[in-house]
1. Please work out if residue B:53 is more than 7 Å from DNA strand D (Cβ to nearest atom), away from every other protein chain (no Cβ under 14 Å) and either surrounded by 12 or more Cβ atoms within 10 Å (Cβ to Cβ) or closer than 26 Å to residue B:109 by Cβ (or both).
2. Taking residue A:288, is it away from every other protein chain (no Cβ under 14 Å) and either touching a strand residue (DSSP E or B) at 6+ places or on another chain (Cβ under 8 Å) or modelled with pLDDT of 90 or more (or both)?
3. Listed residues A:278, A:259, A:233; which is within 10 Å of chain B (Cβ to nearest Cβ) and in contact (Cβ under 8 Å) with a residue 24 or more places away in the chain?
4. Would you tally the residues in segment B:381-408 being without any contact (Cβ under 8 Å) to a residue 40 or more places away in the chain and in contact with a helix residue (DSSP H, G or I) (Cβ under 6 Å, 6 or more places away or on another chain)?
5. Within segment A:22-55, can you find the residues that are in contact (Cβ under 8 Å) with a residue 24 or more places away in the chain, more than 32 Å from the chain's Cα centre (by Cα) and in a helix (DSSP H, G or I)?
6. In segment B:221-252, how many residues are closer than 30 Å to residue A:218 by Cα and outside any strand (DSSP E or B)?
7. Residue B:265 fails exactly one of the following numbered conditions: (1) facing chain A (nearest Cβ under 8 Å); (2) surrounded by fewer than 24 Cβ atoms within 10 Å (Cβ to Cβ); (3) farther than 19 Å from residue B:177 by Cβ. What is the number of that condition?
8. Based on what the data block shows, is residue B:333 part of a helix (DSSP H, G or I), in contact with a helix residue (DSSP H, G or I) (Cβ under 7 Å, 6 or more places away or on another chain) and within 14 Å of another protein chain (Cβ to nearest Cβ)?
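The values are calculated or read from the model by the stated rules, or taken from the named source; none is laboratory data. Since we're looking at a predicted model, the values are computed, not measured. So basically every Cβ, Gly included, is an ideal-geometry build from the backbone, and we count neighbours across all protein chains shown.
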DNA sequence: GGGCTTTGTTCAGACGGCGAGCAAAGTATC
DNA sequence: GATACTTTGCTCGCCGTCTGAACAAAGCCC
């Protein structure tokens with residue numbers, strides 16, 4: 001039962017695993033997914049099940065087309081095993097990222113591979129209606145490029161640029177998105193495709209994407225810090241997303257790192273966001289331009305993109321801005337490490353374009369500022385998924401839900417609508 | 001499977017619920033515990049089980065003496081139900097708190113009620129051997145006061161004043177307790193009683209105690225902030241303890257709230273602990289004494305206790321110290337709220353003696369400093385368990401483990417040693 | 001080729017939980 | 001007070017799930 005699922009489940013059942021056909025079938029399916037290729041005997045050994053049970057479960061899995069027999073594997077001193085292979089292309093998932101000023105849609109397979117990608121800038125904050133139409137348009141475009149995709153669609157995942165309370169996932173914050181009327185209103189799109197809709201915050205889904213496909217693979221406790229217009233973080237704890245009481249956990253941008261600093265919109269003084277957000281950097285660049293008359297930034301009105309470009313080109317002013325941002329970010333990260341004790345911190349979002357220019361001074365700051373040294377410098381890394389993290393994470397949320405309740409897969413027993 | 005259990009489980013089993021007699025028996029037992037008194041039919045309704053299944057499970061539970069039939073309840077329009085009552089006094093638990101400078105032991109029943117309490121100050125940090133002997137002595141004293149207690153003992157829980165990594169619970173931090181040689185060495189005591197040993201950090205166990213018996217009842221996401229020699233926090237998320245990657249989560253005392261502040265032992269500048277810890281308050285009191293010649297604190301060398309007393313008596317200097325501590329604490333709490341989004345914050349430890357003197361300015365600071373207002377002022381409250389939170393929490397850890405695996409209860413099928 | 005191992009299947013059986021049915025013991029209605 | 005109805009707790013047969021034993025097929029090793 002995903003806390004962020006909006007559409008009701010297709011069948012009712014009483015307890016978490018009861019009423020479901022073959023309680024262990026899903027865990028066997030997940031193992032095949034995880035291992036990609038595995039034999040029945042190997043499943044039995046790893047899951048500590050009897051070979052007869054595994055055999056019976058596999059015979060139920062084969063007709064779903066999610067798993068296929070693909071030849072034989074190497075002998076272990078006896079009969080050669082039949083290789084069972086998870087069919088990554090058996091189904092498709094739509095992952096949508098709605099940012100502050102853009103919409104991106106990824107059509108993925110069951111291994112997180114992006115098959116079709118659509119991206120368009122849009123005034124999301126002020127135009128909810130147009131944004132909804134755009135999401136629909138880009139989703140349709142993705143599906144139309146892939147024959148038969150509607151029939152094989154598992155679900156629609158959406159990353160939104162505001163906190164989502166798992167208890168009422170249809171609501172969006174009226175503070176962050178004042179023109180949206182408190183609702184994202186994307187239900188009709190999922191209904192048009194007859195699939196479940198799931199939504200969550202973009203930082204959470206970025207974290208999820210890194211956990212499954214990126215720098216967070218195999219790491220059960222880490223933080224994903226997204227530096228874009230604002231700064232948000234998603235936290236994975238014990239392998240699962242940490243959401244807090246009302247789903248607004250991860251507002252690392254509003255940690256106070258200097259109680260004498262400037263007042264922030266959130267009410268605190270000296271928030272991290274007042275030092276490191278795009279707007280803060282641009283403002284600071286303007287202020288310092290007088291001291292750096294030869295800077296590349298003097299040519300035009302500075303933007304976050306030109307600052308990044310200048311830093312990569314070695315411009316002293318831009319480098320100073322990045323260095324100071326790293327210093328402030330380091331203080332907040334150090335506090336976060338002491339409080340939440342992740343094993344790793346993954347940085348995503350726009351500013352990560354500058355790569356080690358940001359990361360090196362950041363590592364140095366954190367190294368100087370944590371005695372308990374809950375993480376060493378090597379645990380501060382850049383996102384591996386880059387700008388696609390949000391949309392891929394949205395698709396991953398659907399994949400995760402389906403792998404934990406395989407009845408969500410549209411295999412055989414479901415719809416026969418037109419593709 | 002508790003992550004902090006040190007002694008191996010009594011029987012081996014393969015999966016979490018497999019190999020265990022009656023998978024649903026423990027959840028029925030927990031329901032009876034939770035409801036105190038309940039009929040078979042009511043259990044069947046709430047757990048969505050058939051009456052026949054419940055009947056059979058109860059017939060297994062009755063011989064354990066954890067549950068007893070105690071008459072009949074009111075009719076609901078038909079035959080009157082037989083009341084099943086959880087027997088809180090069927091077993092006993094030892095909960096130990098080892099503080100920086102004291103040892104306390106509570107012998108509790110299965111409802112967290114403290115039956116015997118022993119407390120003694122001791123130089124814990126510098127005398128590991130004497131501390132271990134003292135723990136043993138106080139435990140023996142508790143057991144000796146209660147006839148037959150050794151036979152009915154479920155386990156030994158210990159709260160330690162340093163982070164505990166669930167993956168190696170026998171280890172203690174060499175930084176926090178340098179004289180202890182990296183190990184707490186309490187295994188032999190549990191072995192002497194032939195019960196499992198479980199250990200965890202004192203802030204975590206304070207949080208657990210408040211969750212089960214205090215201000216955190218029914219709250220699935222909250223933070224417990226312990227203000228004593230240092231400042232630590234325990235976090236409950238989704239009803240369970242949040243431990244982080246290596247069990248050191250909750251070092252709220254080392255959040256940086258002023259990057260220009262004094263350097264802290266931890267490497268950061270302007271840590272909360274440099275403003276609000278006992279030592280910080282005493283130092284500050286000395287510094288300010290010149291400005292407050294009439295202060296009650298001028299009589300003797302100020303200590304944290306005399307400062308608390310003076311504040312309660314209305315002394316201006318002491319009140320100023322408390323107010324400023326509340327202000328700094330408020331900044332850290334606000335940041336923590338933004339990052340972790342608890343529904344409530346519970347304050348424990350020594351400084352809480354001053355009560356609303358601390359809480360009121362704290363609430364005001366937090367109110368001013370959180371726009372997203374993830375908690376309102378009423379969600380900042382004092383501990384309900386006070387100085388016993390640690391020891392009671394240690395016992396609760398054992399109780400929780402036993403209620404999730406009733407084979408830990410020493411009922412019938414176990415030892416017949418001398419009591 | 002013979003002995004051994006491994007794989008995957010079949011089949012009888014154990015076990016947990018379920019629903020039907022029933023007696024006991026209550027309430028509601030006349 | 002008699003009758004009808006409800007609720008409780010138990011017994012019993014049934015079903016689905018998983019298991020172990022047995023077996024054939026297919027490999028390895030000597």
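1. Criteria not met by residue B:53.
2. Working: away from every other protein chain (no Cβ under 14 Å): yes; either touching a strand residue (DSSP E or B) at 6+ places or on another chain (Cβ under 8 Å) or modelled with pLDDT of 90 or more (or both): yes.
So residue A:288 passes the test.
3. Working: A:278 fails: within 10 Å of chain B (Cβ to nearest Cβ); A:259 fails: in contact (Cβ under 8 Å) with a residue 24 or more places away in the chain.
That would be A:233, the only listed residue that is within 10 Å of chain B (Cβ to nearest Cβ) and in contact (Cβ under 8 Å) with a residue 24 or more places away in the chain.
4. Within segment B:381-408, the first condition is being without any contact (Cβ under 8 Å) to a residue 40 or more places away in the chain, and the residues that meet it are B:386.
Subsequent filtering for residues that are in contact with a helix residue (DSSP H, G or I) (Cβ under 6 Å, 6 or more places away or on another chain) retains none.
The number of residues fulfilling the criteria is 0.
5. A:40, A:41, A:53, A:54
6. Number satisfying all stated conditions: 13.
7. (3)
8. Values: part of a helix (DSSP H, G or I): yes; in contact with a helix residue (DSSP H, G or I) (Cβ under 7 Å, 6 or more places away or on another chain): yes; within 14 Å of another protein chain (Cβ to nearest Cβ): yes.
Yes.
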